[in-house]
Every structure is written in C-alpha cells, then in structure tokens.
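Here the structure comes first, spelled out in structure tokens, and everything after it is commentary.
The values are calculated or read from the model by the stated rules, or taken from the named source; none is laboratory data. Predicted model only: the values in this text are computed from it and were never measured. Glycine also receives a Cβ, built like all others from the backbone with ideal geometry; neighbour counts cover every protein chain displayed.
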Amino acid sequence: MAEPTNIQGLVDLQLVDWMGMIFYPPSRRYLPGFQVDPEFYRDIVLPKVGVFVNAGVEDICWAATTYGLDRIQLHGDESPEQVREVKQQTGLPVIKVLRIGEDWDWKGLEAYEAQVDHFLLDTDGPSYGGTGHRFNWEIGKQYPFHKPFLLSGGIQADQVEELLDMYRSCPQMVGIDINSKFEQQPGVKNLDLIRIFASQIRQQLEKTNE
Ligand SMILES: O=C(O)c1ccccc1N[C@@H]1O[C@H](COP(=O)(O)O)[C@@H](O)[C@H]1O
C-alpha cells in the first residue's frame with residue numbers, strides 16, 4: 001500500500017495484521033514512487049512489511065530505517081546466505097517467498113528453514129510478484145517444513161471456503177497475503193472489499209478454534 005488516506009482507512013478497519021510496502025522499482029506499487037514523506041509511514045501503527053526483489057542489503061537497511069519497517073519480505077532469488085545476512089544486518093524477522101510453478105520441487109529449500117521466520121507461497125512468473133495469478137494449491141498442501149507460512153498469489157474475495165480448507169489442510173499456514181485482487185488501482189486498496197473478506201475469514205477461523 002502507498003497512499004496515505006487509504007492506509008489510514010486500512011488501519012481504522014482493525015482487521016489486518018500487517019501491511020505490505022513494495023520496494024521493487026519496476027512495480028506499479030513501488031512505494032517511494034508515491035513521493036510521500038517517509039515520516040508518514042514511520043508513524044503508522046500497523047506493522048509494516050517491506051517487500052524486496054534481489055535488493056542489496058544496504059538498500060534494505062536504508063529502507064528499513066527510513067520507513068520504519070517491522071519485517072522484510074524477500075520476493076526474488078535470494079540465497080539462504082543472503083537471507084541470513086539481511087536478517088542479521090536489519091535485525092528484523094524475514095519472510096522468504098517461494099514462487100511456485102507447475103514443476104515444483106520442495107527439495108533443496110531446506111537450507112532456508114534455519115534462516116527465515118516465515119515462508120510465503122506465491123505464484124511463479126516473470127514479474128516476481130503482484131501477478132494476480134493463483135498457483136496450484138494442491139502443491140501448497142504438500143508443504144513439508146515446520147516453519148509457519150503465509151499463502152499468497154492472486155487471492156480474491158470469493159475464495160473464502162477454499163482458503164478455510166487450506167487452513168484445515170495445512171497446520172503450518174498462519175496467514176493470507178492479499179494484494180492486487182483487493183485494489184482500486186495499484187497501491188490503493190479497496191477497503192470495503194477487504195472489510196467484508198477479512199471479517200468473513202476471521203469469523204470462520206474463530207468458530208473453528210472454539
Ligand atoms: O505487488 C507487486 O507489485 C509486487 C512486485 C514484486 C514482488 C512482489 C509484489 N507483490 C507481492 O506479490 C504477492 C502476490 O500478490 P498478488 O495477490 O498476486 O497480486 C504479495 O505478497 C504481494 O505483496
């Protein structure tokens with residue numbers, strides 16, 4: 001998210017846990033491109049996740065301090081060693097994105113598990129993220145790690161039942177990351193849609209946990 005009034009509206013909903021901020025220059029959601037004083041973002045009470053694609057650790061540290069980030073999401077081709085370095089240098093929890101395509105193999109990803117706080121499962125594609133496309137969630141159901149994960153990739157408002165089924169099937173799934181399917185335009189969220197969707201998901205999960 002990027003636009004101040006819209007962000008304040010999201011905070012006021014009190015229905016989302018974290019807010020994503022894109023720091024990938026080619027993205028239409030590139031946050032510094034909105035030219036808002038970073039102080040505005042630093043003062044937001046919602047925890048802020050900075051999303052980076054193959055960025056240098058110095059740039060990530062700069063953005064973390066300037067914008068008051070609370071978590072780092074690495075959405076590119078970062079190695080386990082680079083993940084470790086980002087975590088160490090920023091002192092922040094790190095989410096590593098696994099971009100899932102059709103010929104997916106979980107093997108070889110074990111080395112990330114010791115370095116990350118969460119994985120995030122997204123859809124593979126040439127533009128790294130924000131594609132609005134869903135991957136095959138049957139692959140997600142075979143998630144083999146203990147580390148908690150978030151589900152992402154073209155999630156939309158009419159998928160509540162399927163998302164609840166994912167929660168039931170995957171004990172390690174701890175959250176849903178919504179993005180382009182909940183926007184009025186890139187970087188500006190549709191708050192009514194988020195309110196309805198997030199309320200439904202929360203109510204259903206509470207019932208399940210009773
Ligand atoms: O949103 C972007 O423009 C973006 C660009 C580069 C990397 C990640 C990006 N967004 C993240 O992509 C996922 C899925 O988004 P969508 O639902 O498919 O639109 C999500 O984590 C966004 O934060």
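Inside region 83-137, residues that are touching a residue at least 24 places away in the same chain (Cβ under 8 Å), among the charged types (D, E, K, R) and within 16 Å of the ligand (Cβ to nearest atom) make up a count of 5.
Residue-by-condition table, conditions (1) under 13 Å from the mean Cα position of the chain (by Cα); (2) closer than 30 Å to ASP37 by Cβ:
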position	(1), (2)
GLY68	no, yes
ILE95	yes, yes
TYR128	yes, yes
ILE139	no, no
LEU151	yes, no
SER169	no, no
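Among the conditions (1) more than 16 Å from the ligand (Cβ to nearest atom); (2) surrounded by 18 or more Cβ atoms within 10 Å (Cβ to Cβ); (3) modelled with pLDDT under 95, the only one that CYS170 does not satisfy is (3).
Checked against the criterion of being within 15 Å of the ligand (Cβ to nearest atom) and modelled with pLDDT under 95, the candidates GLY187, GLY140, GLY175 yield just one match: GLY187. Exactly one residue out of LEU46, LEU74 is under 21 Å from LEU121 (Cα atoms), free of Cβ contacts under 8 Å to residues at least 40 places away in the same chain and aliphatic (A, V, I, L, M), and it is LEU74.
In this entry, ARG168 is excluded by the filter for residues that are in contact with a Leu (Cβ under 8 Å, 6 or more places away or on another chain) and basic (Lys, Arg). The single condition among (1) farther than 22 Å from ILE72 by Cα; (2) in contact (Cβ under 8 Å) with a residue 24 or more places away in the chain; (3) out of contact with any strand residue (DSSP E or B) (no Cβ under 7 Å at 6 or more places or on another chain) that PRO171 does not meet is (2). For region 10-25, the set of residues classified as in a strand (DSSP E or B) and among the aliphatic types (A, V, I, L, M) consists of MET19, MET21, ILE22, listed by residue number.
Consider region 22-36 and keep the residues that are of a type outside the set (Phe, Trp, Tyr) and in contact with a strand residue (DSSP E or B) (Cβ under 6 Å, 6 or more places away or on another chain). The one that is farthest from the ligand (Cβ to nearest atom) is LEU31.
Only one entry of ASP165, ASP158 meets the criterion of being without any contact (Cβ under 8 Å) to a residue 60 or more places away in the chain, under 22 Å from TRP18 (Cα atoms), surrounded by fewer than 20 Cβ atoms within 10 Å (Cβ to Cβ) and out of contact with any strand residue (DSSP E or B) (no Cβ under 9 Å at 6 or more places or on another chain), and that entry is ASP158. Scan region 117-137 for residues that are outside any loop (DSSP other than H, G, I, E, B), in contact with a Ser or Thr (Cβ under 7 Å, 6 or more places away or on another chain) and either of a type outside the set (Val, Ile, Thr) or farther than 22 Å from GLY76 by Cβ (or both) and jot them down. LEU120, LEU121, ASP122 - these are the residues of region 117-137 that are outside any loop (DSSP other than H, G, I, E, B), in contact with a Ser or Thr (Cβ under 7 Å, 6 or more places away or on another chain) and either of a type outside the set (Val, Ile, Thr) or farther than 22 Å from GLY76 by Cβ (or both). Tallying residues that are within 16 Å of the ligand (Cβ to nearest atom) and on the phi < 0 side of the Ramachandran plot within region 143-167 yields 14.
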